[in-house]
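Down below is the structure, laid out as structure tokens.
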Amino acid sequence: MTNDYQDLQHLDSEDNDHQLPQVPRPPQPLFRRFCSGPCLLLLSLGLGLLLLVVVCVIGSQNSKLRGELQALRETFSNFTATTEVEVKALSSQGGNVGRKMKSLESQLEKQQQDLSEDHSGLLFHVKQFVSDLRSLSCQMAVLQGNGSARTCCPVNWLEYEGSCYW
């Protein structure tokens, strides 16, 4: 039986020799060769999985960035509120300082005016003192000289170039 089978195979090869020469098939594109049936399915599954991973990573980053943005908003809001309170406090203190400055300025002007008046009064008294001192020294000279020579002008008289005037 094995012989018969071998003979049949031999006949098949002889039949093939009598057939027309086969034209070689055109080469298949590279993509078609590697991506036939199950390979194409696995490739699309891999790309889908890769796309899913990318979407998950982007979603995670988006979530993290939203959290950071919310934290920054809260921090900025707190900073703004604190700064606003401090500015209002400084503004009210500035108003108080302004009122105090005006008060001190008016006090200083009053004291300067009083000082000027006191200075004028003191200057008048010093001039009067000098005049009285001259008069007193003149009277002392008259008393010491027993009234013999008049070297000074009488009280409330003015002396000019050695002469006395009323």
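Return yes when Cys153 is touching an Asp or Glu at 6+ places or on another chain (Cβ under 7 Å), of a type outside the set (Ser, Thr, Tyr) and outside any helix (DSSP H, G or I) and no when it is not.
Answer is yes for this residue.
Among the residues in segment 82-100, are any of a type in the set (Ser, Thr, Tyr) and not in a helix (DSSP H, G or I)?
No, there is no match, as no residue in segment 82-100 is of a type in the set (Ser, Thr, Tyr) and not in a helix (DSSP H, G or I).
Does Ser116 satisfy the criteria of being surrounded by 10 or more Cβ atoms within 10 Å (Cβ to Cβ), among the polar types (S, T, N, Q) and closer than 30 Å to Asn156 by Cβ?
yes
Tell me which residues, restricted to segment 145-166, are polar (S, T, N, Q) and modelled with pLDDT under 80.
Asn146, Ser148, Thr151, Asn156
The values are calculated or read from the model by the stated rules, or taken from the named source; none is laboratory data. What you see is a predicted model, and the numbers here were worked out from it, not measured in a lab. Reconstructed Cβ throughout: ideal geometry from the backbone, glycine too, with neighbour counts over all protein chains shown.
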